[in-house]
Amino acid sequence: MTDQSSQTCTLKALGLQCDRGDRELFNDLSLSVSSGQWLQICGANGSGKTTLLRMLCGLIKPDAGEIHWQDKPAHQNPVLFRQSVEYIGHLAAVKPELSPLENLRFAAILNSDTPKHKLEDALDHVELYGFEHEPAYTLSAGQQRRIALARLLISPAKAWILDEPFNALDRSGVNVLESLIEQHLQNGGLAILASHMPINLPLEPAGQIQLTN
Amino acid sequence: MLSSNPYLATIQRDLLLGLRNPGRLLNPLLFYGLVALLFPLALGPEHRLLAQAAPGIIWVAALLATLMTLDSLFRGDFNDGSLELLALSPHPFVLLVAAKLFAQWLLTGLPLILLTPVLGMFFSLTGQSIGILLLTLLLGTPTISLIGAIGAALTLNIRGAGGGALLALLVLPLYIPVLIFAAGTIKAAGAGLPVDGQLFFMAALLVLAITLAPAAVAAALKINMH
């Protein structure tokens, strides 16, 4: 969100295929999301939602097909691609021994350095004010999840890839996240969400991908 | 507060995690001390015999203590998703992994070396022998940490006790060259022979490990994240 350039961004997947052993999870799967759009990925447990998201952010190599960022293959410029994509998986990447502020600061440094007051503002925004110096293991699952969400606030990435982002969040947490996504889309970002639950955003999804077993 | 350099920050973070988990640091260190101290009790108080066996005993104890630390090297980061965070950062994964490995040596290898002079006194080693022993440990422990990290990264997906046993079977044979050169150095020093050649070999093994291990570890970790 720090990068307010008006350039349109596009994340495309072309003919993705994923085999797990003998089983084919999906085949010839294509999608395209541009600035201001979001996409929902639905499917039963085990249908390959997480695998697809991990493939889109570059953690897994597709068995066939390509990921394109700005109409160029993502692997041609991996640094640009990683700067442009923020992935939050169902593991929150929160270290229990570190405080929310330390967790957030480390995640920020891995992308681009962010001044301390911005980190504090981000934690404030996800309603962790007053907990920023407590070790994360003293916080609840939902609060730990909020530390991961605070990463979205300080990330310069244009594409958000979120795996079951509403898990473990209470009602107010869900509201915070929904408004975060809404604002991100208004700022020219794009989002791909995997969720088995309906998502309440004022903007209709640009598409829905239904994965079947 | 963490440095703004991603590699320094990774080292600081791992050191911080280590210091906040003192048990994880102290257990291998106590193990090292206790295993080494069992030998004087078992062999009896004969100075000459003890002084002769000491370097070998201390080195084997150091190998086993290092082996103990390997399983937790990537396990935590793998289980909580931090490894994915590192892999998806714009900075080269290999260098971030190298930073983690350096932090690991600071947390596990360095304390072993610092404890060694105390053990040396129990074995009635002379000051000169302790010096040579420390030199071999200084060149050898980073090498065995790095080799062990490859094994730890490869066995990351094997849960439970099977992983630990496999790790030991995988890694211990690879420790043999380091052990042979370390023992050879100490023996030569005891006989009053020059030790430069042996030390250079140990240094060469270290350089080889520093050059190749981070890349191998990074590749193994990526396979396990699939």
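General remarks:
- All of A:Leu169, A:Leu139 fail the test of being within 16 Å of the chain's Cα centre (by Cα) and of a type in the set (A, V, I, L, M, F, W, C), apart from A:Leu169.
- Considering the conditions (1) aromatic (Phe, Trp, Tyr); (2) assigned to a helix (DSSP H, G or I); (3) open to solvent by less than 10 Å² (accessible area, probe 1.4 Å), A:Tyr137 is excluded by exactly one of them, (3).
- In the condition set (1) without any contact (Cβ under 8 Å) to a residue 12 or more places away in the chain; (2) within 14 Å of another protein chain (Cβ to nearest Cβ), A:Leu59 is compliant with all but (1).
- Single match in A:Ala44, A:Ala74 (criterion: over 14 Å from the mean Cα position of the chain (by Cα), more than 9 Å from chain B (Cβ to nearest Cβ) and open to solvent by 20 Å² or more (accessible area, probe 1.4 Å)): A:Ala44
- Looking across region A:10-27 at every residue that is among the aliphatic types (A, V, I, L, M) and over 18 Å from A:Leu190 (Cα atoms), the one that is modelled with the highest pLDDT is identified as A:Leu16.
- Just one of the listed residues (B:Arg24, B:Arg48) is exposed (fewer than 15 other Cβ atoms within 10 Å of the Cβ), assigned to a helix (DSSP H, G or I) and free of Cβ contacts under 8 Å to residues at least 60 places away in the same chain, namely B:Arg48.
- Any hit, region B:62-69, residues being in a helix (DSSP H, G or I) and more than 27 Å from B:Leu174 (Cα to Cα): no
- Of all residues in region A:99-113, those that are touching a helix residue (DSSP H, G or I) at 6+ places or on another chain (Cβ under 7 Å) and more than 7 Å from chain B (Cβ to nearest Cβ) total 6.
- Flag set for B:Leu17, criterion: part of a helix (DSSP H, G or I), of a type outside the set (Phe, Trp, Tyr), in contact with an Asp or Glu (Cβ under 8 Å, 6 or more places away or on another chain) and open to solvent by less than 70 Å² (accessible area, probe 1.4 Å).
- A:Lys49 basic (Lys, Arg), modelled with pLDDT under 90 and at negative phi: yes
- Filter pass, B:Asn224 being in contact with a Phe, Trp or Tyr (Cβ under 8 Å, 6 or more places away or on another chain), within 30 Å of A:Arg54 (Cα to Cα) and polar (S, T, N, Q): yes
- Where a residue in region A:116-139 is without any contact (Cβ under 8 Å) to a residue 40 or more places away in the chain and its partner, wherever it lies, is open to solvent by 90 Å² or more (accessible area, probe 1.4 Å), with Cβ under 6 Å and at least six apart: none
- Residue match in region A:158-175 (condition: under 21 Å from A:Met55 (Cα atoms), touching an Asp or Glu at 6+ places or on another chain (Cβ under 6 Å) and either touching a residue at least 40 places away in the same chain (Cβ under 8 Å) or assigned to a helix (DSSP H, G or I) (or both)): yes
The values are calculated or read from the model by the stated rules, or taken from the named source; none is laboratory data. Here the structure is a predicted model, which means the values were calculated and not measured. No Cβ is skipped: glycine too gets one built from the backbone with ideal geometry, and neighbour counts run over all protein chains shown. When the accessible area is computed, the model is the full protein with side chains, heavy atoms only, and any ligands, DNA or RNA have been set aside. Shrake-Rupley method; radii C 1.70, N 1.55, O 1.52, S 1.80 Å.
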